[in-house]
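K.L.:
Sharing a structure here in structure tokens format.
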Amino acid sequence: MKNSSIKTTAIEALWRENPSLTKLMGICPIIAMSSSVSIAIGLGLATLIVIITSNIIASAIRQQLNLATRVPSLIFIIATMVTALEMLMQVSFYGLFELLGVFLPLIVVNQIVLMSAESSASQKSLSNSVLDGFLTGLGFLLVLVLISSIRELIGNGSLFDNMEVLFGSVAKDWVFHPFGNNFQFRLLLMPPGALLIFGVVIAAKNAFSKKPL
Amino acid sequence: MQSRLRGGKIFMAMFIISAIALLLLINISTENKIEASYKRSIQAPLLDILGQAFESDAIEINPYPIPEKFWPLLGFENQHYLNIVYQNSEAVGLIIPATTQNGYSGEIKLIVAASRDGQIVGVRILKHSETPGLGDKIDISTDNWILAFNGRSLSNTAEKSWTVRKDGGEFDHISGATITSKSVITQVLKALKYFEQDKVRLFGQTTSETASL
């Protein structure tokens, strides 16, 4: 693929056609896991890893799949990857594993993952599948980080709290409180706050791209 | 078509078997490490409060079942374990778990760490669902209120003083959360009472140190 077309694909996947912002895909984890940046990055990276690995496998075995076996096989691949990731995460990121809770196994039913695997299995070469998986996962991660940083900043008055679950004890003092220690706007930390911020982000995107949903 | 489908079946079977083999392999190789991380995450809050009272390096914590007749006193309906703290293989204190249903909204789980002579080393809330901004100040992450228990014991605080100041006790209440404060204070008192009744069994014959009290 040429450089210019990679760039177009990247802009397309991360911004213009970002499945979370245009098709509202995978918004359940976005609503539930975006109250702090650390959890959001954790879930986003986990999803990214699952998308890339399952895309590689889906693309590798795509000749063997027919119409009847394709979707069950893809779900099976994704479930395998998520289970493997779940076990590996417990070894060295136990704190993150506990924070993500049920949303880690629920990556299996994230539409974005299946959508990307489906397109890899149907026509893409290995390298294109990896690229597509990376961009799709990154798009999801960026939406999560964007919404969670707004929520954490205004809701909890802090940024990068609890980063040690991701980066170990070096990250203990990464947290900073730009509005002083006692600033809090609790509404944004609760589920309605997530919906409000998500709506504002979509509205802003539509205003920017001048193309309504 | 018939032969293609059959080929698909054999491929699917091989594929599923290899995926199961992969998961089994990961499971076997991570099992012990996951167990270790789980243990560490359980002990983290214990070590947190113990670190302030005992030289933390030589500490060892051993679980010990709580006899059934004391379950109502500690608020339990099933088997729980207290932890005895050893330093240089000598028992120096213990950590008593307790739970109360009398919180403002639901159950409050806490641990009380006490030294061998019955003095409180620290109290921590493990789990609660009190009102954010008011009752959640019992948690050390939002307020220092819980530190008021440090150094208290049945001998230096009379039983009628184990309540909030406005009821004639010796403890401040969290403003806006008197019910929460009271229920925590009462449950800590009950945990100390349990220790008083069970200490001979836990620590053997009274030592000269406790006899002199």
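K.L.:
Taking A:Leu166 as the residue in question, decide whether it is among the hydrophobic types (A, V, I, L, M, F, W, C), open to solvent by 40 Å² or more (accessible area, probe 1.4 Å), closer than 25 Å to A:Cys28 by Cβ and under 24 Å from the mean Cα position of the chain (by Cα).
P.N.:
Answer is no for this residue.
K.L.:
Return the residues of the stretch A:171-186 that are hydrophobic (A, V, I, L, M, F, W, C) and surrounded by 12 or more Cβ atoms within 10 Å (Cβ to Cβ); say none if nothing qualifies.
P.N.:
A:Ala171, A:Trp174, A:Val175, A:Phe179, A:Phe183, A:Phe185
K.L.:
Return only the number of the condition from (1) surrounded by 19 or more Cβ atoms within 10 Å (Cβ to Cβ); (2) without any contact (Cβ under 8 Å) to a residue 12 or more places away in the chain that A:Asn156 does not satisfy.
P.N.:
Result: A:Asn156 passes all but (2).
K.L.:
I'd like to verify a number: residues in the stretch B:120-138 that are within 14 Å of the chain's Cα centre (by Cα) and open to solvent by 10 Å² or more (accessible area, probe 1.4 Å), how many?
P.N.:
6
K.L.:
Follow-up question, since we're still on this one. Would you pick out the residues in the stretch A:51-70 that are free of Cβ contacts under 8 Å to residues at least 12 places away in the same chain and not hydrophobic (A, V, I, L, M, F, W, C)?
P.N.:
Hits for the stretch A:51-70 are A:Gln63, A:Gln64, A:Asn66, A:Thr69.
K.L.:
Now, a different point. What number of residues within the stretch A:76-95 are open to solvent by less than 20 Å² (accessible area, probe 1.4 Å), at the interface with chain B (Cβ under 8 Å from one of its Cβ atoms) and either of a type in the set (A, V, I, L, M) or not in a helix (DSSP H, G or I) (or both)?
P.N.:
The number of residues fulfilling the criteria is 2.
K.L.:
Within the set of pairs 6+ apart or on separate chains, which have a first residue in the stretch A:182-197 that is touching a residue at least 12 places away in the same chain (Cβ under 8 Å), a second that is part of a loop (DSSP other than H, G, I, E, B), and C-beta atoms under 6 Å apart?
P.N.:
Close Cβ pairs (under 6 Å, with a partner that is part of a loop (DSSP other than H, G, I, E, B)) amount to A:Phe183/A:Gly157; A:Gln184/A:Gly157; A:Arg186/B:Pro132; A:Leu189/A:Ser35; A:Ala194/A:Ser34.
K.L.:
Going by what's in this entry, would B:Arg152 be described as touching a strand residue (DSSP E or B) at 6+ places or on another chain (Cβ under 8 Å), part of a strand (DSSP E or B) and among the basic types (Lys, Arg)?
P.N.:
No, not satisfied.
K.L.:
Now, a different point. Give me a count of the residues in the stretch A:96-133 that are in contact (Cβ under 8 Å) with a residue 24 or more places away in the chain, surrounded by fewer than 20 Cβ atoms within 10 Å (Cβ to Cβ) and within 14 Å of chain B (Cβ to nearest Cβ).
P.N.:
So the answer is 2.
K.L.:
Name the strands (runs of 3 or more DSSP E) wholly inside the stretch B:69-119 in which the number of residues that are open to solvent by 50 Å² or more (accessible area, probe 1.4 Å) is 2 or more.
P.N.:
Output list reads B:81-87.
K.L.:
Right, another one. I need every pair where a residue in the stretch A:20-37 that is in contact (Cβ under 8 Å) with a residue 60 or more places away in the chain and β-branched (Val, Ile, Thr) has its Cβ under 6 Å from the Cβ of a residue that is assigned to a helix (DSSP H, G or I) and open to solvent by 20 Å² or more (accessible area, probe 1.4 Å), sequence separation at least 6 or different chains.
P.N.:
Every condition considered, the pairs that remain are A:Val37/A:Ser149.
K.L.:
Regarding A:Ser73, is this residue touching a residue at least 12 places away in the same chain (Cβ under 8 Å), part of a helix (DSSP H, G or I), open to solvent by less than 30 Å² (accessible area, probe 1.4 Å) and facing chain B (nearest Cβ under 10 Å)?
P.N.:
When the stated conditions are applied, A:Ser73 passes them.
K.L.:
Being on the phi < 0 side of the Ramachandran plot, without any contact (Cβ under 8 Å) to a residue 60 or more places away in the chain, small (Gly, Ala, Ser) and open to solvent by less than 50 Å² (accessible area, probe 1.4 Å) is true for just one of B:Ser141, B:Ser41. Which residue is that?
P.N.:
B:Ser41
K.L.:
If a residue must be surrounded by fewer than 22 Cβ atoms within 10 Å (Cβ to Cβ), part of a helix (DSSP H, G or I) and not polar (S, T, N, Q), how many such residues does the stretch A:58-67 contain?
P.N.:
Result for the stretch A:58-67: 2.
K.L.:
Assess whether B:Ile125 counts as being in a strand (DSSP E or B) and either within 30 Å of A:Gly157 (Cα to Cα) or modelled with pLDDT of 90 or more (or both).
P.N.:
The answer is yes for B:Ile125.
K.L.:
When you look at B:Leu23, is it open to solvent by less than 90 Å² (accessible area, probe 1.4 Å), within 14 Å of chain A (Cβ to nearest Cβ) and either touching a residue at least 24 places away in the same chain (Cβ under 8 Å) or not acidic (Asp, Glu) (or both), yes or no?
P.N.:
It is true that B:Leu23 is open to solvent by less than 90 Å² (accessible area, probe 1.4 Å), within 14 Å of chain A (Cβ to nearest Cβ) and either touching a residue at least 24 places away in the same chain (Cβ under 8 Å) or not acidic (Asp, Glu) (or both).
K.L.:
Filter the stretch A:169-213 down to the residues that are in a helix (DSSP H, G or I), farther than 20 Å from A:Ile31 by Cα and among the charged types (D, E, K, R) and list them by number.
P.N.:
Result: A:Lys172, A:Asp173.
K.L.:
Give the residues of the stretch A:14-37 that are among the hydroxyl-bearing types (Ser, Thr, Tyr) and either surrounded by fewer than 19 Cβ atoms within 10 Å (Cβ to Cβ) or farther than 13 Å from A:Leu141 by Cβ (or both), sorted by residue number.
P.N.:
Correct list: A:Thr22, A:Ser35, A:Ser36.
K.L.:
From the list A:Leu43, A:Leu48, which one is surrounded by fewer than 24 Cβ atoms within 10 Å (Cβ to Cβ), touching a Phe, Trp or Tyr at 6+ places or on another chain (Cβ under 9 Å) and more than 9 Å from chain B (Cβ to nearest Cβ)?
P.N.:
Criteria check complete, one pass: A:Leu48.
K.L.:
Which number in (1) within 12 Å of chain A (Cβ to nearest Cβ); (2) hydroxyl-bearing (Ser, Thr, Tyr); (3) in contact (Cβ under 8 Å) with a residue 12 or more places away in the chain marks the one condition that B:Ser29 misses?
P.N.:
The failed condition is (3).
The values are calculated or read from the model by the stated rules, or taken from the named source; none is laboratory data. Just so it is clear, the model here is predicted, and its values are computed rather than measured. Positions of Cβ are backbone-derived with ideal geometry, glycine not excepted, and every protein chain shown enters the neighbour counts. Calculation scope for accessible area: heavy atoms of the full protein, side chains included, ligands and nucleic acids excluded. Shrake-Rupley method; radii C 1.70, N 1.55, O 1.52, S 1.80 Å.
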